[in-house]
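Student: Mind looking over this structure? Questions follow.
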Amino acid sequence: MRLAAVVDEALRDLAARWLLSLLVAAVALAAGTSTVLLAAGEVDGIRATWDDQVAEGRFVQVVAGARSSGVDAAACAAVGGWTGVRAAGGRIGTEPVRFATSPASRYDHARVTPGYVQVLWPGAPEPLAGEVVVGPHAAASAGLRSGSTVVWSAVATGNAGLGAGARPDRAAPGAVSAVVAAVPARGTARDPAADRQVLSVVPAAGTVDRCVVDVDPARASAVLPALRTWFGDGVDAPRPVVDLARAVDPDAELAGRASAWWWALAASITGAAAAAAWVARRADVALHRLLGADPGTVALRLTVDVGVTVVTPVLLGTATAVVVTAPALAHEVVRTVVLADAARLLVVSAALPVLGLVLVGRGSVFRILKES
Amino acid sequence: MAVVGPSGSGKTTLLAVIAGLVVPQAGSVTRAGAPVRPDDVGWVMQTTPLLRARSATANVALAALARGADRAAADRLARALLDELGLGDRASVPVRRLSGGERQRVAVARALAQDAPLVIADEPTASLDAESRDRVVDALLAVERAGRLVLVATHDPAVATRCSRVVTLVDGPPG
């Protein structure tokens, strides 16, 4: 039989048994769709958990002076220039203050070195001279926002001369005023106390009571060992700001994800559906063999079957699911895992003609036709 | 030629050996000095293997396509053969909707379309009424008149008596 006739006949046979063909195609479509949806959903969840952990400070290290001796401020600031370090800074000291706009409440004014604010709130602007960053809790309770002027005085001297409604141009002696450069939208897990603080940046001189370092996760393996030896003796070993005992290991989560085997199960179910359809049409294949179809011709027919009822629906299903999960697939780790699972499903599906040959391409034609 | 014998005497097996579908334990089968190849044989069986979801035309055309004919020529040949066998008005009907006798005639038409020198009919009239039986036998005789050798396995005397030669199988396989 001519090649074109073999393909044409295979397509016509599929159309004649349209219900059977449709059932197989529906299973294949579901396999493709579900493989992408399940993998994308699960891996994106792992990725989001990882991102949350990084945001909370999984890779933020804090270095404190041993026995309250402090950490060299210049050494702390220098770490901020390392490759693999996103920001680093130290807290020189804090003092209790009251705001002119909220004299009944007590807050803290923290003097920090350059980089400290960026460790607490990545992306926040570095306050300039005369500017401060106010923690969100402090800003909300004192009615402060970005661009407004905050006046504060130390708690020990701050009460005299300040009453309700006091304005900066009538600040009491000892009061300090500054422009609010930024009020972060949310508090920070990297130093919860900062939520109630007004932070001003001062030169890195003297010592800091704690040096915090925000390490790039991709470079952590190089940075962390260097950090342990950088400050020399007299400091405690760097430790993470978050409790890693509660942290989830994303690599272990990825390796153990439930969707890792779904593509294989989906391929098995699809293969079973195709096999059932072929067994139902076993006599038809035997008839073709009786009329002279050789194994190559039978294989071609089965390939057409698989192409139309399995591979095409799998592709359609995966493409549809890719569109639906596009936001998740924007992340490289999700994209890599999902496309790998989809590729495995496709490869196994494309190999189904071999199964078909085993099921219906062999055996005595005579016996098959007699038994049909 | 009719091959007759009681059930279990080996009629079907004999035909399968002749057609090259079953390897004999001993001996060989030749036609004009050459072994018989399966595609030299057109089959008409008791439960005729047809593509039940396809039309009568498609089933007959399949045999022509298998010989390398193009689609248009195969369809033309199929319709002509079905017309000749009295199935012209049923040519487009799916086989599953044809009667038993009509299906057997479709099988005969397919055997003709195969242009095979040998046509083997294994109990082609079983389960058919007398009218359908006679139509099928007429169709087989038409095949013979077209120059093919027709072997019919049957235990129906009404069929055997219309054949030019009758071979009787008395015993089944030894032991």
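The values are calculated or read from the model by the stated rules, or taken from the named source; none is laboratory data. Worth saying up front: this structure is predicted, and the values here are computed from it rather than measured. Cβ coordinates were reconstructed from backbone atoms using ideal geometry, including for glycine residues, and neighbour counts include every protein chain displayed.
Student: For the stretch A:188-232, what are the residues that are part of a loop (DSSP other than H, G, I, E, B) and free of Cβ contacts under 8 Å to residues at least 12 places away in the same chain? Full working, then the answer.
Tutor: In the first step, residues of the stretch A:188-232 are kept if they are part of a loop (DSSP other than H, G, I, E, B); the result is A:188-191, A:202-206, A:209, A:216, A:231-232.
Within the stretch A:188-232, just A:232 meets the criteria.
Student: Is it the case that the stretch A:284-291 has a residue that's surrounded by 17 or more Cβ atoms within 10 Å (Cβ to Cβ), in a loop (DSSP other than H, G, I, E, B) and either within 12 Å of another protein chain (Cβ to nearest Cβ) or modelled with pLDDT of 90 or more (or both)?
Tutor: yes
Student: Taking residue A:90, is it at positive phi and in contact with a helix residue (DSSP H, G or I) (Cβ under 9 Å, 6 or more places away or on another chain)? Lay out the reasoning, then the answer.
Tutor: Working: at positive phi: no; in contact with a helix residue (DSSP H, G or I) (Cβ under 9 Å, 6 or more places away or on another chain): yes.
Judged against the criteria, residue A:90 is not a match.
Student: I'm trying to understand the selection: among the residues of the stretch A:292-306, which are more than 14 Å from chain B (Cβ to nearest Cβ) and either more than 17 Å from residue A:360 (Cβ to Cβ) or of a type in the set (Val, Ile, Thr) (or both)?
Tutor: Answer for the stretch A:292-306, where residues must be more than 14 Å from chain B (Cβ to nearest Cβ) and either more than 17 Å from residue A:360 (Cβ to Cβ) or of a type in the set (Val, Ile, Thr) (or both): A:303, A:304, A:306.
Student: Pull up the stretch B:67-97, narrow it to residues that are crowded, with 19+ Cβ neighbours inside 10 Å and assigned to a loop (DSSP other than H, G, I, E, B), then point me to the one that is modelled with the lowest pLDDT.
Tutor: Out of the qualifying residues, it is B:85.
Student: Among (1) surrounded by fewer than 24 Cβ atoms within 10 Å (Cβ to Cβ); (2) assigned to a helix (DSSP H, G or I), which single condition is residue A:28 missing?
Tutor: Of the numbered conditions (1) surrounded by fewer than 24 Cβ atoms within 10 Å (Cβ to Cβ); (2) assigned to a helix (DSSP H, G or I), the odd one out for residue A:28 is (1).
Student: Of everything in the stretch A:237-281, what is within 19 Å of residue A:20 (Cβ to Cβ) and of a type in the set (D, E, K, R)? Give them in sequence order.
Tutor: A:281
Student: Give the residue that is surrounded by the most Cβ atoms within 10 Å (Cβ to Cβ), with candidates limited to residues of the stretch B:20-30 that are of a type outside the set (Val, Ile, Thr) and modelled with pLDDT of 80 or more.
Tutor: We begin by selecting, within the stretch B:20-30, every residue of a type outside the set (Val, Ile, Thr); these are B:20-21, B:24-28.
So of that shortlist, the ones also modelled with pLDDT of 80 or more come out as B:24-28.
Working: B:24: 12, B:25: 8, B:26: 4, B:27: 6, B:28: 9.
Within the stretch B:20-30, the match that is surrounded by the most Cβ atoms within 10 Å (Cβ to Cβ) is B:24.
Student: Return yes when residue A:365 is in contact with a Phe, Trp or Tyr (Cβ under 6 Å, 6 or more places away or on another chain), within 14 Å of another protein chain (Cβ to nearest Cβ) and closer than 30 Å to residue B:16 by Cβ and no when it is not.
Tutor: Taking the combined requirement at face value, the residue does not satisfy it.
Student: Turning to a different aspect of this structure: Kindly provide the set of residues from the stretch A:120-155 that are aliphatic (A, V, I, L, M), in a loop (DSSP other than H, G, I, E, B) and over 14 Å from residue A:100 (Cα atoms), ordered by number. So that I can check it myself, show each step before the final result.
Tutor: Quick first cut of the stretch A:120-155, residues aliphatic (A, V, I, L, M) only: A:120, A:124, A:128-129, A:132-134, A:138-140, A:142, A:144, A:150-151, A:154-155.
With the extra rule that they be in a loop (DSSP other than H, G, I, E, B), the set shrinks to A:124, A:128-129, A:144, A:155.
Selection gives A:124, A:128, A:129.
Student: When you scan the stretch A:305-372 for helices (runs of 4 or more DSSP H) that lie fully inside it, which ones turn up with 2 or more residues that are closer than 17 Å to residue A:273 by Cβ? If you could, list the steps in order and put the result at the bottom.
Tutor: Values: elements: A:312-324, A:326-329, A:332-350, A:352-360, A:365-371.
It comes to A:312-324, A:332-350, A:352-360.
Student: Still on this model: Please identify the pairs in which a residue from the stretch B:125-153 that is closer than 16 Å to residue B:41 by Cα has its Cβ atom under 7 Å from the Cβ atom of a residue that is polar (S, T, N, Q) and surrounded by 15 or more Cβ atoms within 10 Å (Cβ to Cβ), counting only partners at least 6 apart or on another chain.
Tutor: If the second residue must be polar (S, T, N, Q) and surrounded by 15 or more Cβ atoms within 10 Å (Cβ to Cβ), the pairs left are B:153/B:12.
Student: Checking the condition more than 23 Å from residue B:128 (Cα to Cα), buried (at least 18 other Cβ atoms within 10 Å of the Cβ) and at the interface with another protein chain (Cβ under 9 Å from one of its Cβ atoms), which residue from B:53, B:64, B:58 passes?
Tutor: On the way: B:53 fails: more than 23 Å from residue B:128 (Cα to Cα); B:64 fails: at the interface with another protein chain (Cβ under 9 Å from one of its Cβ atoms).
That would be B:58, the only listed residue that is more than 23 Å from residue B:128 (Cα to Cα), buried (at least 18 other Cβ atoms within 10 Å of the Cβ) and at the interface with another protein chain (Cβ under 9 Å from one of its Cβ atoms).
Student: Let me ask you something else. Based on what the data block shows, is residue A:58 charged (D, E, K, R), more than 14 Å from chain B (Cβ to nearest Cβ) and part of a loop (DSSP other than H, G, I, E, B)? Working first, answer last.
Tutor: Numbers: charged (D, E, K, R): yes; more than 14 Å from chain B (Cβ to nearest Cβ): yes; part of a loop (DSSP other than H, G, I, E, B): yes.
Considered against the rule, which asks whether it is charged (D, E, K, R), more than 14 Å from chain B (Cβ to nearest Cβ) and part of a loop (DSSP other than H, G, I, E, B), residue A:58 comes out as yes.
Student: A further question on this structure: Out of the residues in the stretch B:21-36 meeting the condition of being more than 9 Å from chain A (Cβ to nearest Cβ), part of a loop (DSSP other than H, G, I, E, B) and in contact with a helix residue (DSSP H, G or I) (Cβ under 9 Å, 6 or more places away or on another chain), tell me which one is farthest from residue B:120 (Cα to Cα). Lay out the reasoning, then the answer.
Tutor: Kept after step one, since they are more than 9 Å from chain A (Cβ to nearest Cβ), are these residues of the stretch B:21-36: B:23-36.
This time we only want the ones that are part of a loop (DSSP other than H, G, I, E, B), so: B:23-29, B:32-33, B:36.
Filter again for in contact with a helix residue (DSSP H, G or I) (Cβ under 9 Å, 6 or more places away or on another chain), leaving B:23-24, B:27, B:29, B:36.
Values: B:23: 17, B:24: 17, B:27: 20, B:29: 14, B:36: 12 Å.
Of everything passing the filter in the stretch B:21-36, B:27 is farthest from residue B:120 (Cα to Cα).
Student: Specify which of the listed residues (A:25, A:30, A:39, A:4) is under 30 Å from residue A:356 (Cα atoms) and within 14 Å of chain B (Cβ to nearest Cβ). Before the answer, list the steps.
Tutor: On the way: A:25 fails: within 14 Å of chain B (Cβ to nearest Cβ); A:30 fails: within 14 Å of chain B (Cβ to nearest Cβ); A:39 fails: within 14 Å of chain B (Cβ to nearest Cβ).
On inspection, the qualifying residue turns out to be A:4.
Student: Right, next: Going by what's in this entry, would residue A:13 be described as within 13 Å of chain B (Cβ to nearest Cβ), buried (at least 16 other Cβ atoms within 10 Å of the Cβ) and not in a loop (DSSP other than H, G, I, E, B)?
Tutor: Numbers: within 13 Å of chain B (Cβ to nearest Cβ): yes; buried (at least 16 other Cβ atoms within 10 Å of the Cβ): yes; not in a loop (DSSP other than H, G, I, E, B): yes.
Against the criterion (within 13 Å of chain B (Cβ to nearest Cβ), buried (at least 16 other Cβ atoms within 10 Å of the Cβ) and not in a loop (DSSP other than H, G, I, E, B)), residue A:13 qualifies.
Student: Which of the residues that make up the stretch B:119-175 are surrounded by 21 or more Cβ atoms within 10 Å (Cβ to Cβ) and in a strand (DSSP E or B)?
Tutor: B:119, B:120, B:121, B:122, B:150, B:151, B:152, B:153, B:154
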